[in-house]
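Peer 1: Handing you this structure, nothing more for now.
The values are calculated or read from the model by the stated rules, or taken from the named source; none is laboratory data. As the structure is a prediction and not an experimental result, all values here were calculated from the model. Heads up, the Cβs are rebuilt from the backbone with ideal geometry, glycines too, and the neighbour counts pull from every protein chain shown.
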């Protein structure tokens, strides 16, 4: 992975601000734009991380303690191939009954992605002792390290560092 930028997708530019997205009325989902080199990591591997480590794809409009449509499980695809691979992967997971309930992840075309405010970028790295990070994110990172060690890296690529280059 080359970069991961926190932001918003599913709504319009005028409402792509945290204080508005938090209302749940903008159409946005809090999202991450992942830039990757397919020679180093496949789209399928990114889906594996998303569905097995990042969140619970069976819970509608909820991630951890946060709830509302802005916290929905969603994959925003860029092209027909990403859509096909995503829908196929979800179908495989459901058919294998990997989760105790059916996957509710929304699969939608990416109209636009809007980066979140600067204070949202690299938040887990910059605030590792935050109660939210300690409770909800560090266990996911530990799970990634043990479940998919081939894609885990000790030193994350920081959004703030990549903006300086």
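Peer 1: So which of 24, 88 is surrounded by 13 or more Cβ atoms within 10 Å (Cβ to Cβ) and either modelled with pLDDT of 95 or more or in a helix (DSSP H, G or I) (or both)?
Peer 2: On the way: 88 fails: surrounded by 13 or more Cβ atoms within 10 Å (Cβ to Cβ).
Matching residue, one of 24, 88: 24.
Peer 1: While we're on this one: Looking at the range 40-58, I want the residues that are over 19 Å from residue 100 (Cα atoms) and have a partner that is in a helix (DSSP H, G or I) with Cβ atoms under 6 Å, at least 6 apart or on another chain. Which pairs are those?
Peer 2: 43/85
A quick yes/no check of all residues on (1) surrounded by 16 or more Cβ atoms within 10 Å (Cβ to Cβ); (2) more than 15 Å from the chain's Cα centre (by Cα); (3) at pLDDT below 95:
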{"residue": "103", "(1), (2), (3)": "yes, yes, no"}
{"residue": "111", "(1), (2), (3)": "no, yes, no"}
{"residue": "137", "(1), (2), (3)": "yes, no, yes"}
{"residue": "150", "(1), (2), (3)": "no, yes, yes"}
{"residue": "154", "(1), (2), (3)": "no, yes, yes"}
{"residue": "157", "(1), (2), (3)": "no, yes, yes"}
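Peer 1: Could you grab the pairs with beta carbons closer than 6 Å, sequence gap of 6+ or different chains, first residue in the range 138-158 and in contact (Cβ under 8 Å) with a residue 24 or more places away in the chain and at negative phi, second one surrounded by 11 or more Cβ atoms within 10 Å (Cβ to Cβ) and assigned to a loop (DSSP other than H, G, I, E, B)?
Peer 2: 144/152; 158/122
Peer 1: Can you name the condition, by its number, that residue 121 falls short on among (1) buried (at least 16 other Cβ atoms within 10 Å of the Cβ); (2) touching a residue at least 40 places away in the same chain (Cβ under 8 Å); (3) on the phi > 0 side of the Ramachandran plot?
Peer 2: Just one mismatch for residue 121, condition (3).
Peer 1: When the residues of the range 55-83 are narrowed to those that are closer than 20 Å to residue 22 by Cα and assigned to a helix (DSSP H, G or I), which ends up nearest to the chain's Cα centre (by Cα)?
Peer 2: So, considering only residues that are closer than 20 Å to residue 22 by Cα and assigned to a helix (DSSP H, G or I), the one nearest to the chain's Cα centre (by Cα) is 71.
Peer 1: Given (1) touching a strand residue (DSSP E or B) at 6+ places or on another chain (Cβ under 7 Å); (2) surrounded by fewer than 16 Cβ atoms within 10 Å (Cβ to Cβ), where does residue 67 come up short, assuming only one miss?
Peer 2: (1)
Peer 1: One residue is enough: does the range 34-44 have a residue meeting the conditions crowded, with 19+ Cβ neighbours inside 10 Å, farther than 23 Å from residue 134 by Cα and touching a strand residue (DSSP E or B) at 6+ places or on another chain (Cβ under 8 Å)? Give the derivation first.
Peer 2: Kept after step one, since they are crowded, with 19+ Cβ neighbours inside 10 Å, are these residues of the range 34-44: none.
No, because not a single residue in the range 34-44 is crowded, with 19+ Cβ neighbours inside 10 Å, farther than 23 Å from residue 134 by Cα and touching a strand residue (DSSP E or B) at 6+ places or on another chain (Cβ under 8 Å).
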